[in-house]
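The values are calculated or read from the model by the stated rules, or taken from the named source; none is laboratory data. What you are looking at is a predicted structure, and each value in this text was computed from that prediction instead of being measured. Here the Cβ positions follow ideal geometry from the backbone for every residue, glycine too, while neighbour counts run over all protein chains shown. What goes into the accessible areas is simple: the full protein's heavy atoms, side chains included, and nothing from ligands, DNA or RNA. Shrake-Rupley method; radii C 1.70, N 1.55, O 1.52, S 1.80 Å.
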Amino acid sequence: MAALRRINQEDLRNHNLSVVIDTLLQSTVPMSRAELAKATGLTKATMSLLGSMLLEGRVVTEGDPTMQSNYGRPSTPLAIAAGTWAGIGLQINTDGYGYIVLDLTGRVIAQEWEPSSPIGCSPEEIFDRLDALVMPTERELANLGYRVVGAGLALPGLVTDDQRLLSAPNLDWGMVDLQEFDVVTRLDAVAANEANMAALAQIPGYAACRGDGESPIDAGGSFLYVSTDVGIGGALVRDGRVVTGDHGFGGEIGHLSVSMDGPKCRCGRYGCLEAYAGRRSMVEAAGVATGADAARSGAAIELYERWRRGDEKAVETIERAIKALGSAISSTINLMDAQTVILGGFWQQFGTDLTDRLTRDVAGQVLAGHELAMQVVQPPVSERPALRGAAEVGLRRFIDNPLRYLDEGEAVK
């Protein structure tokens, strides 16, 4: 048996700081030290010490004192501070590549997207372009006094835990060692499948302030995220964390077979959900475009417009895809036992009519449908969620190990 690692005072303080930051991120309102102590189970003395550290490190800011009652001293609320701590999100997708920079409040500090499809280009060429795109912003962040604490990289394919892109069929890429690229190593970016990153962006308070808007899920909730793009990806979220499996490949709902004798998928199997409901497959089935042209965003827009006009082939293609989605989602819910499904990507434009229909269809197909309050919903974060999730992966490094960065800041002073 391996020897148990002892937890020293610094480990405990690091853990407590992380818990306090998480609590503030997940709150919809600022919290006093007393409220934080109650919410976290920490003593008031410990909370006072941690509050001072977070204030000094510009992680939190103090609001105006308020009276909780007619008795006692005014209470000073703490809130996550803007500025100083930043995370960078990178993404390469079938419709382009780009970056976003977020701080802990969720504020967008900088962003840029190049709508130039990487299809037909080598990984080396696209990563060089991405590097040139983000590097000037890195310098500007340093000039403005921001500290980049981490970065994430969202990719449309299978990414291993040791940072290799095994395959990205819709880019025609395979067996790419991500550590070979300067932008990845310089930013120490953590790469993952784009659906996993997009799912993280939906979790309120995961690594940025949740805000005061309503969300169909809780910070520590469970749900299935379905990403519908050229291909179809998915992420299983349990207790506020993506379940990636032993090798990082969990959640590939697009390659669940919904018909054993169905059309051939780009993965080589037959009858996959992606072969019915992936954007590229639908565009080709409806006769809108073929080959590389079928992967372009304009072709998907044309498919949608034809469907709205009642074009027979478009309507037939969309209807078949919806039935396939309902079948695959139901099978996944039977396996993971969750009651919320977030439907992102191409299908968002079909609105609540589609999600309401899928809610009814799925509830009627899952084994415990009469017990579950099933809901298929639109994503709370719908604009480039994988890019935003990648930036939150970067910020999460600070939240999980704040003392490391706060100590580094002291050393710099």
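Observations on the structure shown:
- Packing order of peptides 228-241, 200-213, 37-50, highest average first: 228-241, 200-213, 37-50 (average count of other Cβ atoms within 10 Å over each peptide's residues).
- Approximating the spin labels as points 7 Å out from Cα along Cα→Cβ, the Met135-to-Met175 distance works out to 3.0 nm.
- Efficiency of FRET between Ala373 and Ala45 - r from beta-carbon atoms, R0 41 angstrom, step 0.05: 0.45
- Separation of alpha-carbon centers, the stretch 334-397 and the stretch 101-128, rounded to whole Å: 25 Å
- Value of [θ]222 nm, deg cm²/dmol, for the chain, DSSP H segments ≥ 4, -39500 (n - 2.57) each, nearest 500: -13000 deg cm²/dmol
- For the chain, the relative contact order is 18 percent, taking Cα pairs closer than 8 Å that sit 6 or more residues apart in sequence and dividing their mean separation by the residue count.
- Formal net charge of residues neighbouring Leu141 (Cβ-Cβ distance under 12 Å; K, R +1; D, E -1): -1
- The slack between Ser116 and Gln348, meaning 0.36 nm per residue of separation minus the straight C-alpha distance, is 81.3 nm.
- The heavy atoms of Asp182 offer some 100 square angstrom of accessible surface to a 1.4 angstrom probe.
- Cα gyration tensor, the stretch 18-92 - rounded (a/c under 1.5), prolate or oblate: prolate
- Rounded, prolate or oblate (a/c below 1.5 giving rounded, otherwise prolate when a/b exceeds b/c) for the chain by Cα gyration tensor: prolate
- Mean Cα-pair separation over length for the stretch 15-109, i.e. relative contact order, pairs under 8 Å, 6 or more apart, %: 21 percent
- Taking a Cβ cut-off of under 10 Å around Ala292, the surrounding Lys, Arg, Asp and Glu residues balance to a net charge of 0, with basic ones at +1 and acidic ones at -1.
- For the pair Asp407 and Asp212, the difference between a 0.36 nm per residue extended length and the Cα-Cα distance amounts to 67.0 nm.
- To the nearest 10, the accessible area of Arg129 is 80 Å² with a 1.4 Å probe.
- Compared with the dominant principal axis of the Cα atoms in the chain, helix 297-309 is inclined by about 70°.
- For His247, the shell of other residues with beta-carbons less than 13 Å away shows a net charge of -3, using +1 for Lys and Arg and -1 for Asp and Glu.
- Length released on extending from Asn143 to Asp64, taking residue separation times 0.36 nm less the Cα-Cα span: 25.4 nm
- Accessible area of Asp161 in the full protein assembly, 1.4 Å probe (Å², nearest 10): 100 Å²
- Gyration tensor verdict on the stretch 291-345 (Cα atoms; rounded if a/c is under 1.5, prolate if a/b is larger than b/c, oblate otherwise): prolate
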